[in-house]
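One structure follows; several queries about it will come next.
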Amino acid sequence: MPSILVGSAPDSWGVWFPDDPQQTPYTRFLDEVAESGYEWIELGPYGYLPTDPSQLLDELGSRGLKLSAGTVFEHLHQEGSWDAVWKQIQDVARLTAAVGGKHVVVIPEMWRDAATGAVLEDRDLSPEQWARKTGGMNDLGKAMFETYGVRAQYHPHADSHVDTEDNVYRFLDGTDSRFVNLCLDTGHISYCGGDNIAIIRRAPERIGYLHLKQVDPQVRAKVEAQDLPFGEAVRLGAMTEPPLGIPDMPPLLAEIERLGIDVFAIVEQDMYPCAVEAPLPIAQRTRNYLASCGIPSVRFRP
């Protein structure tokens, strides 16, 4: 039977930055994610968890945890961006591979500032910029795999240039499945008005990784009506714990199960900023809920 291996991530503990006094200390995050019953985690922002492989392996091993992926941002549509993006990739991919991770989740940088809403660039890419982004991602995915043995999984994101369902298809049509596939973030797709199951059915061979997330439809409607930036939406509670939001998890997980693949499904509930005592009970409830969805391939251990 295929496995949908469910884990969690620093994002579900309100972690967006390598170092921020509002965030949960990494030792508490690791303790609590293990206490919640998860085995798999992501790195989160590079520098939040220890960047020395030996130290990180010790921290993970002492708690029975394993790493599924690292995370990095890209802006390859901009001219002359390769060196800056590759430098970040090298740090993240090297650490990911050194502690046993096989994936790096690549996220497009946002066209407006998440905190202030300041517009940083046009929200639409020109055909030339699309070509640079997709071609650059092909090159990036190839280089990541050949150099570090990790797979690029591309993560559509709110307030970025790869956000809506149509833009996801445009990105997939312009990239090569040998080098880059999709980290389907169920929350971001729903937040941007997309249909997760439609994407799975249109491009089943491109589903390489999952982020499980739900959106509060009422907050989403306010965001759409007022064109609010993503950071403000998160503070309003746009991302909510299941089963309180959309998309509906059981049919989505059943659709993934029908693909017959082994895939990581990392729970991510954007919560920055949050009180340090808030994440643990949410994580425990979410794990119990996902276990109750009746999908045989959903597992928390290999």
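For the structure I just gave you, tell me whether Trp82 is under 30 Å from Ser54 (Cα atoms), surrounded by 14 or more Cβ atoms within 10 Å (Cβ to Cβ) and among the aromatic types (Phe, Trp, Tyr).
Here the answer is yes, as Trp82 does meet what is asked.
Within region 1-39, work out how many residues are under 30 Å from Asp113 (Cα atoms) and hydrophobic (A, V, I, L, M, F, W, C).
8
Taking helices (runs of 4 or more DSSP H) that fall entirely within region 215-294, which contain at least 1 residues that are among the acidic types (Asp, Glu) and in contact (Cβ under 8 Å) with a residue 40 or more places away in the chain? Write out each step before concluding.
On the way: elements: 217-226, 230-235, 249-258, 279-291.
Those helices (runs of 4 or more DSSP H) span 230-235, 249-258.
Any residue at all in region 252-262 that is in contact with a Phe, Trp or Tyr (Cβ under 9 Å, 6 or more places away or on another chain) and either within 22 Å of Val33 (Cβ to Cβ) or exposed (fewer than 15 other Cβ atoms within 10 Å of the Cβ) (or both)?
Within region 252-262 (the criterion being in contact with a Phe, Trp or Tyr (Cβ under 9 Å, 6 or more places away or on another chain) and either within 22 Å of Val33 (Cβ to Cβ) or exposed (fewer than 15 other Cβ atoms within 10 Å of the Cβ) (or both)), the answer is no, since none of the residues qualifies.
Residue under question is His75, and the condition is that it be in contact with an Asp or Glu (Cβ under 6 Å, 6 or more places away or on another chain) and not hydrophobic (A, V, I, L, M, F, W, C); does it hold? Spell out how you get there, then give the answer.
Numbers: in contact with an Asp or Glu (Cβ under 6 Å, 6 or more places away or on another chain): yes; not hydrophobic (A, V, I, L, M, F, W, C): yes.
Here the answer is yes, as His75 does meet what is asked.
Look at Glu224 and say whether it is among the acidic types (Asp, Glu) and within 14 Å of Asp159 (Cβ to Cβ).
yes
While we're here: Out of all the residues in region 133-142, is one or more in contact with a Phe, Trp or Tyr (Cβ under 7 Å, 6 or more places away or on another chain) and of a type in the set (Ser, Thr, Tyr)?
There is at least one residue in region 133-142 that is in contact with a Phe, Trp or Tyr (Cβ under 7 Å, 6 or more places away or on another chain) and of a type in the set (Ser, Thr, Tyr).
Mind counting the residues in region 191-224 that are open to solvent by 10 Å² or more (accessible area, probe 1.4 Å), among the aliphatic types (A, V, I, L, M) and over 15 Å from the mean Cα position of the chain (by Cα)?
Qualifying residue count, region 191-224: 5.
Right, another one. Please find, among Arg94, Arg123, Arg132, the residue that is free of Cβ contacts under 8 Å to residues at least 60 places away in the same chain, open to solvent by 30 Å² or more (accessible area, probe 1.4 Å), farther than 20 Å from Asn167 by Cβ and of a type in the set (Lys, Arg).
After applying the criteria, what remains is Arg94.
Mind listing whichever residues of region 156-171 are open to solvent by less than 10 Å² (accessible area, probe 1.4 Å) and either of a type in the set (Gly, Ala, Ser) or without any contact (Cβ under 8 Å) to a residue 60 or more places away in the chain (or both)? Before the answer, list the steps.
We begin by selecting, within region 156-171, every residue open to solvent by less than 10 Å² (accessible area, probe 1.4 Å); these are 156, 158, 160-162, 168, 171.
Correct list: Pro156, Ala158, Ser160, Val162, Val168, Phe171.
Can you tell me how many residues in region 273-282 are out of contact with any helix residue (DSSP H, G or I) (no Cβ under 6 Å at 6 or more places or on another chain), buried (at least 16 other Cβ atoms within 10 Å of the Cβ) and under 15 Å from Ala34 (Cα atoms)?
Of the residues in region 273-282, 1 are out of contact with any helix residue (DSSP H, G or I) (no Cβ under 6 Å at 6 or more places or on another chain), buried (at least 16 other Cβ atoms within 10 Å of the Cβ) and under 15 Å from Ala34 (Cα atoms).
Among the candidates Ala275, Ala238, which residue alone is of a type in the set (Gly, Ala, Ser) and under 20 Å from the mean Cα position of the chain (by Cα)? Even if it seems obvious, please write down each step before you answer.
Working: Ala275 fails: under 20 Å from the mean Cα position of the chain (by Cα).
Within the list Ala275, Ala238, the selection yields Ala238.
Across region 21-40, what is the number of residues that are open to solvent by less than 30 Å² (accessible area, probe 1.4 Å) and either polar (S, T, N, Q) or at pLDDT below 95 (or both)?
So the count comes out to 3.
The values are calculated or read from the model by the stated rules, or taken from the named source; none is laboratory data. Please read all numbers here as calculations on a predicted model, not as lab measurements. All Cβ positions, even for glycine, are placed from backbone atoms using ideal geometry, and neighbour counts span all protein chains on display. When the accessible area is computed, the model is the full protein with side chains, heavy atoms only, and any ligands, DNA or RNA have been set aside. Shrake-Rupley method; radii C 1.70, N 1.55, O 1.52, S 1.80 Å.
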